[in-house]
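Below is one structure, written out as structure tokens, with a few remarks after it.
The values are calculated or read from the model by the stated rules, or taken from the named source; none is laboratory data. This structure is a prediction, so every number in the text was calculated from the model and none was measured. In this analysis, Cβ positions are derived from the backbone assuming ideal geometry, glycine residues included, and neighbour counts consider all displayed protein chains.
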Amino acid sequence: MGKVLPEDSPLSFSVGVVVTLTISPGRYIFLAGLIQEFVKKIIIIPAYNEEDNIGRVLTAAEECCPDFDILVINDGSTDRTSETARKFGSVGVIDLPVNLGIGGAVQTGFIYSRKKGYEVAVQIDGDGQHKPSEVRKILSPLLDGEADVVIGSRFIKKGSYKSLSFRKIGIKLFELTNRLLLGERITDSTSGFRAYNRKSIELLSKDYPDDYPEPEAIYFLKKKGMTIIEVPVEMDTRHGGKSSISLVRSVYYMVKVFLAIFVLILRKHD
Amino acid sequence: MENVQVFRIQVLAIVGSGLLIIFILELIRRKRLKEEFSILWLGMGVVFLVISLFRGLLDKFSYFVGIGYPPAALFLILIMGLMVILIHFSVAISELKEANKKLTQELGLLKKETEDR
């Protein structure tokens with residue numbers, strides 16, 4: 001550990017104040033507006049070989065969200081993703097030595113957020129699909145205590161996002177499953193543009209699916225009693241690079257997710 | 001003539017199963033194979049040794065489960081044994097993958113921590 005501050009030093013005093021304010025959620029009710037400024041917030045950006053996109057994402061993130069810490073999880077990239085991200089002074093970078101896949105990378109962010117005491121974590125994909133300028137939209141229901149998890153959806157309102165048709169079928173199928181099994185309308189299960197509060201960060205830091213985690217995580221979180229709401233956001237079609245989801249993979253995606261959901265229902269206690 | 005052939009294959013089977021068992025034991029002795037993974041292989045070796053030593057056993061078994069052609073029962077036993085071993089492998093690989101994920105995450109987090117100091 002670093003230097004331990006003497007108990008009576010002014011610095012340790014101010015640190016103590018911030019910590020007590022941020023830790024107890026009950027006080028939000030009284031001091032909501034004031035505390036929202038002090039709440040420790042983090043943007044988690046998983047990135048695998050995104051040297052072409054990560055710079056633009058980080059520029060936009062720094063611009064829109066100066067009250068957030070920004071963390072890039074470089075998931076064993078073979079290109080200059082890490083170097084590009086490190087050029088941004090305010091950005092933290094975690095380099096994973098091997099490629100874990102999106103789930104393992106994002107979970108690293110959750111573990112980091114849990115350990116560092118963040119109250120809010122926002123996940124943004126490193127490929128530039130999610131606009132940091134939309135972060136406020138998914139943030140406010142969380143800070144108001146309306147939900148534990150907020151998902152940014154492309155489909156609630158018509159945005160500028162153009163989706164390929166076979167993907168749309170899959171996403172519609174997820175929506176139907178959500179309605180049948182959860183009795184809720186979640187239109188964009190595959191969206192990785194999400195905001196999490198402390199409770200859900202803690203849950204996901206301990207258990208998060210490895211690949212194609214987003215739809216499965218909804219069921220896991222619901223099972224643990226989290227409230228999830230969707231908020232309409234605009235997303236970009238990809239600027240560069242290649243989506244990790246091809247036709248064959250999307251079939252695997254569907255099978256894997258439905259299997260996982262099925263097993264999750266069977267696994268009553270854990 | 002018939003008897004000689006049957007005798008030949010029986011000797012071959014006994015020697016074969018014996019060699020499998022010896023080979024597995026040798027791998028354990030040299031620490032090339034962990035005991036956890038050897039047990040299923042040894043079990044299979046022993047089953048085949050017993051079947052080749054007592055020929056009537058296979059006939060009885062196939063009659064019992066309703067297989068008309070005893071050698072087919074041999075394949076059944078073999079395939080079942082291999083399936084069990086392969087599923088065991090899948091479980092082991094999944095465990096390794098989970099451990100690998102945890103280690104990678106932990107390493108990434110630790111590197112970040114040392115950088116921040």
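Of all the criteria given as (1) outside any strand (DSSP E or B); (2) touching a residue at least 12 places away in the same chain (Cβ under 8 Å); (3) of a type outside the set (D, E, K, R), the one not satisfied by A:ILE70 is (1).
It is to be established whether one or more residues within the range B:68-87 are closer than 30 Å to A:TYR208 by Cβ and within 14 Å of chain A (Cβ to nearest Cβ). No: the range B:68-87 contains no residue that is closer than 30 Å to A:TYR208 by Cβ and within 14 Å of chain A (Cβ to nearest Cβ).
Does B:ILE93 fit the bill of being within 14 Å of another protein chain (Cβ to nearest Cβ), in a helix (DSSP H, G or I), under 17 Å from the mean Cα position of the chain (by Cα) and within 30 Å of A:PRO209 (Cβ to Cβ)? It is true that B:ILE93 is within 14 Å of another protein chain (Cβ to nearest Cβ), in a helix (DSSP H, G or I), under 17 Å from the mean Cα position of the chain (by Cα) and within 30 Å of A:PRO209 (Cβ to Cβ). Here A:ASP236 meets the list (1) farther than 24 Å from A:ASP148 by Cβ; (2) among the charged types (D, E, K, R); (3) under 15 Å from the mean Cα position of the chain (by Cα) almost entirely, failing just condition (3). Annotation note: of A:LEU58, A:LEU139, the sole residue that is part of a helix (DSSP H, G or I), buried (at least 24 other Cβ atoms within 10 Å of the Cβ) and more than 13 Å from chain B (Cβ to nearest Cβ) is A:LEU58.
For the criterion of being part of a helix (DSSP H, G or I), closer than 19 Å to B:VAL11 by Cβ and either of a type in the set (Lys, Arg) or in contact (Cβ under 8 Å) with a residue 12 or more places away in the chain (or both), B:PHE48 passes. For the residues B:GLU106, B:GLU26, B:GLU36, the requirement of being within 30 Å of A:ILE102 (Cβ to Cβ) and exposed (fewer than 13 other Cβ atoms within 10 Å of the Cβ) singles out B:GLU106.
With respect to the conditions (1) modelled with pLDDT of 85 or more; (2) in a loop (DSSP other than H, G, I, E, B), A:ALA260 falls short on a single one, namely (2). Residues in the range A:86-117 that are at pLDDT 95 or above and of a type in the set (Phe, Trp, Tyr) were compared, and the one that is farthest from B:ARG117 (Cα to Cα) is A:PHE110.
Just one residue in the set A:LEU143, A:LEU173, A:LEU139 is over 19 Å from the mean Cα position of the chain (by Cα) and of a type in the set (A, V, I, L, M); that residue is A:LEU173. In summary, B:LYS31 fulfils each of the numbered conditions (1) closer than 30 Å to A:LEU71 by Cα; (2) loosely packed, with under 12 Cβ neighbours inside 10 Å; (3) charged (D, E, K, R) with the single exception of condition (1). Would you confirm, using the coordinates I've provided, whether B:ILE67 is in contact with a Phe, Trp or Tyr (Cβ under 9 Å, 6 or more places away or on another chain) and not in a helix (DSSP H, G or I)? Yes; evaluated as a whole, the condition is true for this residue.
Of A:SER246, A:SER200, all but one fail to be at pLDDT 90 or above and polar (S, T, N, Q); the exception is A:SER200. How many residues are under 23 Å from A:TYR253 (Cα atoms) and within 9 Å of chain B (Cβ to nearest Cβ) if we restrict to the range A:102-124? Looking only at that region, the number is 5. Tallying residues that are surrounded by fewer than 20 Cβ atoms within 10 Å (Cβ to Cβ) and within 13 Å of chain B (Cβ to nearest Cβ) within the range A:77-89 yields 2. Would a scan of the range A:144-165 turn up a residue that is of a type in the set (Lys, Arg), crowded, with 21+ Cβ neighbours inside 10 Å, closer than 30 Å to A:VAL251 by Cβ and at pLDDT 90 or above? Checked the range A:144-165: no residue is of a type in the set (Lys, Arg), crowded, with 21+ Cβ neighbours inside 10 Å, closer than 30 Å to A:VAL251 by Cβ and at pLDDT 90 or above.
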